[in-house]
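Values quoted throughout were computed directly from the atomic coordinates according to the rules given, and no laboratory measurement underlies them. Just so it is clear, the model here is predicted, and its values are computed rather than measured. Neighbour counts are summed over all protein chains in view; Cβ atoms, including those assigned to glycine, are modelled from backbone coordinates with ideal geometry.
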Amino acid sequence: MSATTASAAAVAGDAPRAPPVPGPTEPWAAFVTARTPQAYFRGWLEVVCARFPEVRAAALLVHADGGASLMPIAVWPSATADLSRLTPTLQRTVSERRGLIDHVVQPPAAAGEPGAEKAAPFVPVTRIGYPVMMGERVAGAVVLEMLPNAARATELLRHLHWGLGWVVEALQRRETEQSGNQSTRILSVMESVATALRPGQLHEILFEVANDVSRRLGCARVGIGLADHETVVLKVLSDTAWVERNSALAQAYVAAMEEAYDLGAPIAVPAMAEVPSPAGPPAPGEPARPAEAPASAPQHEALLQAHDAASAASIPLMLGVRCIGVLTLEWRGERRCTPDDLAWLQAFGAMLPSIIEDKRRANQGAAGKLADSLQKVLGKIFGPRHLVWKAATAAVALVIAVLALVPVTYRVSAKTLIEGETQRVAAAPFEGFVAEAPVRAGDTVRAGQMLARLDDRDLKAELERWSSERDQYERKVREAIATREMSALQIAQAQFNQSDAQVRLASEKLRRSTITAPYDGIVVSGDLSQQIGAPVEQGKKLFEIAPLESYRVILQVDERDIRYVQPQQRGELLVAGLAEEGLPFTVTKVTPVATTQDGRNFFRVEARLHQANDRLRPGMEGVGKISTRELRLWSVLTRGFTDWLRLALWTWMP
């Protein structure tokens, strides 16, 4: 049998064969008869130190807690010896991953005795370190301190190179056993998780889970309670179809569950130190066992006494940082809670909460889901952490406060048109032909300035004709007066008056043939420059003139806003052509007549500008806003929706 096989047999408790290098009888006997990992590693170190009498101190260390630190598993000559002086050699060995020999000097072992320092202030020693390699991983190291002897140090280093195979093989066997145990435990946990994942109501699933856990762990009774507003409610007990909430059994379980709920950690009574485990204490290099119960668990002790149980344990069901329930178990007779049971429960308890939560949500109605969502949101807002939620809530609260409390002036917006306050029309005085038209729409004119002139040649000819007739009739009148013929005088006088009237009419037409501006203003419409020689009818509008400094603002107010508008209200106008400057105005008239445009009703509202702008012209369009009254900002922003909602409700209400 090889050395590796012999060491494996020693760990398992079988009789090993002799190692390749014989040593003293007593250390070797302790080594080959070791029944625990601690005794095995201690015996191996004693065999090494016994073979080399020059060794003064030695220690075997392996990684613990998943490789976070090196812990001594065997110390020679005494387990209480202070070997901190070997730390530098240990660190170098682990970091360099090779065996090394250090020659150092140090104070003698008896340095604390009187006069010892004067007699021998320093003692030369040799320190040897060798790593325990498992493949490419440093699993530990062995460090020794011996008297200076170069040949023996080299021989010891060579001996460690071959002898550490026993340690490596034992550690590998231990890891293999642990992996097997973990695989078995994981498989068992997953089978129980599969039971919890079955379809059905939450109460039925919890009952099946309690029975399954009771069967797997050999429990006398298993209870599952769920948290409800900081209290625990007992839901199911294994092998019990109905739980009487007021019974002594249920109250004892609830008290124990609330004790674990408040603690937020597993509880096992009696403590693990008092509970013998068939697996024995954890070996060096084995992951840490589950957390044990606190020193005092009065409710669990009361549960044991009330039901004459041998052991009890509770596992909080944690969903993140929130405990949603507690799993409580009790054993009777010789069967008790072991560290392996507690490890299984913790693994199962890590998966069960999410399943319970999913089942609970699936069985909830819409109101319950809404309440849970609201509770989560409130927890994020008023609970710890979640600074983003708190900041967002504060911002929303501030916005709501501003909308609800801050008053603003509600301004009614309307499409606006600029018109002249008084507009004059220059019409054709008689039928004629356009002879001249020096101005057109957009030109600024002065009072009396010619706008257009009609052809007056026919008028002049007519004037001459009627003037000559008038002269003739005037002579006849004089002759009739001279001859004293009254009848002839009356006829001649009538003819004279007729011709004189025609002369005055022709003169007036001739004067009015030149169309002039009635006042200073701007030509709003009219352009005859392209119609020279064209005939015009009497009374036809040729030009429209508006004053330059007197304007009227016409606003088209939507029927939904007309109720807010009243005369004497002030506002401001922004014209498209003068967007850089607002023009204040005052409402003068609200016309109670609606006009339809683009499928909407508008009311005509007239206003007067406080001060006209030199660049303002009739016909300009823009947007005017009338300041009506103060409303809350929320009412202003939601006014349109509120009006629509009221109208819709009124329409559909019976």
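Annotations for the structure displayed:
- Measuring nothing but how far apart in sequence close Cα pairs (under 8 Å, 6+ apart) lie, relative to its length, segment 569-627 scores a relative contact order of 43 percent.
- Amide H within-cut-off set for THR588, under 5 Å, with H built and near neighbours excluded: GLN568, GLU606, ALA607, ARG608
- For the pair GLU177 and ARG360, a Förster radius of 35 Å applied to the C-beta separation gives a FRET efficiency near 0.35, rounded to the nearest 0.05.
- Matching label, log10 I(q)/I(0) by the Debye sum over Cα atoms at q = 0.05, 0.06, 0.09 Å⁻¹ computed from the structure shown, candidates (i) -0.35, -0.50, -1.01; (ii) -0.24, -0.34, -0.80; (iii) -0.61, -0.69, -0.98: (iii)
- On Cα atoms only, tilt of 366-382 relative to the major axis of the chain in degrees: 80
- On Cα atoms only, tilt of 639-652 relative to the major axis of the chain in degrees: 90
- Tilt relative to the chain, helix 87-96 - C-alpha long axis, 0 to 90 degrees, to 10: 60
- Of the Cα atoms belonging to segment 424-543, the radius of gyration and Dmax stand at 19.8, 64 Å.
- Cα-Cα over 20 Å, subset of LYS509/LYS541; LYS476/LYS509; LYS415/LYS625: LYS476/LYS509
- Helix-only mean residue ellipticity at 222 nm for the chain, each DSSP H run of n ≥ 4 adding -39500 (n - 2.57), per residue, nearest 500: -14000 deg cm²/dmol
- Charge sum, other residues only, whose C-beta stays under 10 Å from ALA607's C-beta, Lys/Arg counted +1 and Asp/Glu -1: +3
- Rounded to the nearest 20 debye, the dipole size of segment 550-652 about its Cα centre is 300 debye, using +1 on the Cβ of Lys and Arg and -1 on the Cβ of Asp and Glu.
- Sequence-separation-based contact order of segment 424-543, relative, with Cα cut under 8 Å and 6+ spacing, percent: 53
- Highest to lowest packing among 137-143, 565-571, 193-199, 373-379, scored as the average C-beta count within 10 Å: 137-143, 565-571, 193-199, 373-379
- Relative contact order of the chain, defined on C-alpha pairs under 8 angstrom at six or more residues apart (%): 9
- Sparsely packed loop sites in segment 428-537 (the trypsin sites (Lys or Arg not before Pro) outside DSSP H, G, I, E and B with at most 13 other Cβ atoms within 10 Å) comprise ARG446, ARG484.
- When you filter the trypsin sites (Lys or Arg not before Pro) in segment 603-633 for DSSP loop state and at most 12 other Cβ atoms inside 10 Å of their Cβ, you are left with ARG615.
- Selection among VAL193, GLY624, ALA255 by position relative to the dipole of the chain gives GLY624 as farthest towards the positive end (Cβ unit charges, Cα centre).
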